[in-house]
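Sharing a structure, written as structure tokens. Questions coming.
What follows draws every value from the coordinates through simple rules; no lab data is involved. What you are looking at is a predicted structure, and each value in this text was computed from that prediction instead of being measured. A quick note on method: Cβ atoms are made from the backbone with ideal geometry, for glycine too, and the neighbour counts reach across all protein chains shown.
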Amino acid sequence: MSGGGFVRLPGGSVVVALTLPSPAADGHKVRVLVHSVNRARALTRLRNLGLRAVYLRGNAAPPTLDEITAVLHHPDGLLWRSAPEEVEELWHPIRALLRSSLRSA
């Protein structure tokens, strides 16, 4: 399960933002941003990375303008950081989240 939302961009693509339990199973939550052609593809990208229980129901917590800017400027279009946000924490590539969960397993 997840809390999140999406924004459709003028070019037709979408940015999806989800708040998920950390894959490291440490009780923390992470905010994940995905830039994709549509919502279904965004969720498929996350599921293909091993985040299986990812669903987007409603649009309660859409991405902010800062989040949209961050994900659009990243080459992979897939970022994360701790939730709730730490003021000084930067966005991380999704590989860093998956690596840390593998190390703790």
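Working out 0.36 nm times the residue gap between residue 44 and residue 64, then minus their Cα-Cα distance, what length gain in nm do you get to one decimal?
5.0 nm
Would you kindly state how much longer the chain becomes between residue 96 and residue 29 on full extension, computed as 0.36 nm times their sequence separation minus their alpha carbon distance, in nm to one decimal?
22.6 nm
Considering the dipole of region 24-66 built from charges on the beta carbon (Lys and Arg +1, Asp and Glu -1) around the Cα centre, which of 55, 35, 24 is farthest to its positive end?
55
Let me ask another. Using just the helices of the chain, give the 222 nm mean residue ellipticity in deg cm²/dmol: DSSP H runs with n ≥ 4 each add -39,500 (n - 2.57), and the total is spread over all residues, rounded to 500.
-8000 deg cm²/dmol
Suppose we flag trypsin sites (Lys or Arg not before Pro) only when DSSP calls them loop and at most 14 other Cβ atoms lie within 10 Å. Which is the longest uninterrupted stretch of the chain?
1-51
At most 11 other Cβ atoms within 10 Å and a DSSP loop assignment: could you name the GluC sites (Glu not before Pro) in region 5-95 that fit?
Listed in order of number, the matching sites are 86, 88, 89.
For region 50-79 and region 1-20, what is the separation of their C-alpha centers, rounded to whole Å?
After rounding, the separation between the Cα centres reads 5 Å.
Pop a pseudo-label 7 angstrom from the Cα along the beta-carbon direction at both residue 52 and residue 73 and give the gap in nm to one decimal.
3.7
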